[in-house]
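Read through the structure below, which is laid out as structure tokens, and then see the notes.
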Amino acid sequence: TGYYTYDPGFGSTASCRSAITYIDGDNGVLLYRGYPIEQLAEKSSFLEVAYLLMHGELPTKAQFGAFEHEVTHHTMMHEAFRTFLYGFRHDAHPMAMLTGMLGSLSSFYYNDLDLRDPEQRRLAAIRLIAKVPTIAAACYRYSIGWPIRYPKNDLEYTTRFLHMMKEVPSGPLELNPIVSKALDLLFILHADHEQNASTSTVRLVGSTGANPYVSVAAGVAALWGPAHGGANEAVLKMLEEIGDAKHVQSAVDKAKDKESGFRLMGFGHRVYKNFDPRAKIIREMTHKVLGELGVNDPLLEVALRLEEAALHDDYFVQRKLYPNVDFYSGIIYKALGIPTEMFTVMFAIARTAGWVSHWLEQQNDPENRIGRPRQIYTGATPRDYSPIDARA
Ligand code: CMC
């Protein structure tokens, strides 16, 4: 017996104390460790942001050098991963492979991991940040039948990932620096977002004392859903289906019709009720990057018309539904040459920095205890078992 607060979807439950990320949903404010997302997007790099999220402060030059060195020297995968990877169906979704591959990290790095030792916890976090891009690139290459590439440790984090993903055996890869820069910025914007579904999943698994590799693998699984990180892939598919600006209104009408089961992908947010500051940055960036790369994508026009139509529609205005981070990100990923089924994987690479930071924070938190929500029971009252022959 007991008295519990009923809070479906945890809309008004604070599950922990955290000093990592601050969101003011009414005013569109997002801070990582106190720094506005706009400033980090303009001035920082993803790896520096990862350091900031993990450690709480921006690094000095020496601290950053040591961090980058460490991340760079943990980028390799154990060779036995190949056998594991080659067991997936050739057309498996990269998110399915990523979930399995990350879970399997604990079979390589868990036996000697003493979770009571802060240094070993830190090392596990570094391993995750370092290895996720290598695994992600391998999943992609396997899915298109290309040989796996080893990480080139003379490149920086994001460029190294792009290299592993795109290099072809026949010759050197000319990477456009605009592409690396844009992807790095997208990684910064996706790096953390306080207690979203995947981070809460990582914390819930972590609260049981399970190791960080499986905790993060569970986070990847939560991220995959279209209501969360899977939205970026769903947005692009939706824009392709709409196909032309003249079909925009019927898509808006369909999204308003609850019977249709269709929602405007990339619209709405549990916390942001005014605008999503990440979407604002990505919107500007989309125009700039498409211009710089000379890409003329008709889907951008569809997206702009869709945004305009929704923002002027009472249904969306009344419910405070605005474009979220994933509304424009797909168009940029596409322009950067990232295939659609890899969009959510991009999100997972970036969010790994946030997940491990939350896991580390949780392990240090004296108030941490197993996450164990209660329920409002709606089932049968007590009754007696009847033998199978006596049942109607
Ligand atoms: N299209 C049409 N109607 C919507 C949408 C949408 N995208 N989003 C919310 N609504 C309606 C919803 O039907 C409800 O209407 P009513 O009050 O009449 O029942 C009202 O708005 C409130 O929605 P909710 O489902 O209670 O809101 P929530 O906070 O539980 O869900 C959300 C938030 C992001 C899951 C939801 O807005 C959604 O499904 N959006 C589309 C998927 C998407 O873009 N997800 C990415 C989120 S941002 C990045 C990330 O977290 O990964």
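The values are calculated or read from the model by the stated rules, or taken from the named source; none is laboratory data. Computed from a prediction, not measured in an experiment: that's the story for all the values here. Here the Cβ positions follow ideal geometry from the backbone for every residue, glycine too, while neighbour counts run over all protein chains shown. We work out accessible area using only protein heavy atoms, side chains counted, and drop any ligands, DNA or RNA first. Shrake-Rupley method; radii C 1.70, N 1.55, O 1.52, S 1.80 Å.
With a simple spin-label model that places each label point 7 Å from the Cα along the Cα-to-Cβ direction, the separation between Arg17 and Val271 comes to 1.9 nm.
Directionally averaged projected area (segment 1-148, Cα convex hull): 14.1 nm².
Please label the shape of segment 116-155 as rounded, prolate or oblate, based on the square roots a ≥ b ≥ c of the eigenvalues of the alpha-carbon gyration tensor (a/c under 1.5 means rounded; beyond that, a/b larger than b/c means prolate, else oblate). Taking the square roots of the gyration eigenvalues as a ≥ b ≥ c, segment 116-155 is prolate. Rolled with a 1.4 Å probe across the full set of protein chains, the surface gives His93 an accessible area near 50 Å². In loop segments of segment 114-194 as defined by DSSP, the trypsin sites (Lys or Arg not before Pro) with at most 12 further C-beta atoms inside 10 Å of their C-beta are Arg116.
Ligands, DNA and RNA excluded, the heavy atoms of Phe108 present near 70 Å² of accessible surface to a 1.4 Å solvent probe. For segment 1-71, the alpha carbon positions stretch 56, 30, 15 Å along the principal axes, listed from largest to smallest.
Counting only protein chain heavy atoms and rolling a 1.4 Å probe, the accessible areas of Glu307, Glu42, Glu367, Glu174 rank, largest first, as Glu174, Glu42, Glu367, Glu307. Label point of Tyr377 set 7 angstrom out along Cα-Cβ; within segment 1-44, amide nitrogens under 15 Å from it belong to 1-4. Cross-link check: pairs Lys166/Lys258; Lys246/Lys273; Lys246/Lys320; Lys61/Lys181; Lys166/Lys237; Lys181/Lys258 evaluated at a Cα-Cα cut-off of 31 Å; pairs beyond the cut-off: Lys166/Lys258; Lys181/Lys258. For segment 271-320, rounded, prolate or oblate, judged on the Cα gyration tensor with a ≥ b ≥ c (square roots of eigenvalues), a/c < 1.5 rounded, else prolate if a/b > b/c? Verdict is oblate for segment 271-320.
Helices that extend 15 Å or more along their long axis by alpha-carbon positions and average at least -1.0 on the Kyte-Doolittle scale are, among the DSSP H runs of the chain, 61-72, 94-109, 118-144, 177-190, 212-224, 231-242, 277-293, 298-311, 343-363. As a calculated quantity, the FRET efficiency between Ile178 and Lys320 at R0 = 25 Å, using C-beta atoms, amounts to about 0.15. Normalised radius of gyration (Cα atoms, divided by 2.2 N^0.38 Å) for the chain: 1.04.
When you filter the trypsin sites (Lys or Arg not before Pro) in segment 1-62 for DSSP loop state and at most 11 other Cβ atoms inside 10 Å of their Cβ, you are left with Arg17.
Using Cβ point charges alone (K and R +1, D and E -1), the dipole size of segment 215-363 about the Cα centre works out to roughly 420 debye. Accessible surface of Tyr315, taken over heavy atoms with a 1.4 Å probe and every protein chain present, rounds to 40 Å². The charge dipole of the chain, taken about its Cα centre with unit charges on the Cβ atoms of Lys, Arg (+1), Asp and Glu (-1) only, comes to about 600 debye. Positive end of the dipole of segment 214-319 (Cβ unit charges, origin at the Cα centre): among Ala251, Gly261, Val295, the Cα lying farthest that way belongs to Gly261. Take the Cα of Tyr110, step 7 Å toward its Cβ, do the same at Tyr6, and the gap between the two points is 3.8 nm. Using the empirical formula 2.2 N^0.38 Å as the baseline, the Cα radius of gyration of segment 187-270 reaches a ratio of 1.38. What the Cβ-Cβ distance of Asp91 and Glu241 gives, at R0 = 25 Å and to the nearest 0.05, is a FRET efficiency of 0.75. Rounded, prolate or oblate: pick one for segment 311-392, where a ≥ b ≥ c are the square roots of the eigenvalues of its C-alpha gyration tensor, a/c under 1.5 means rounded, and failing that, prolate if a/b is larger than b/c, else oblate. Judged from the Cα gyration tensor, segment 311-392 comes out prolate (a/c at least 1.5, a/b above b/c).
Distance distribution P(r), segment 113-243, all Cα-Cα pairs, bin width 5 angstrom from 0: 2, 9, 13, 17, 20, 17, 12, 6, 3, 1, 0 percent. Close amide H pairs (under 5 Å, H built 1.01 Å from N) link Tyr35 with no residue at least 5 positions away or on another chain. Largest first, the residues Cys16, Cys139 sort by 1.4 Å accessible area into Cys16, Cys139.
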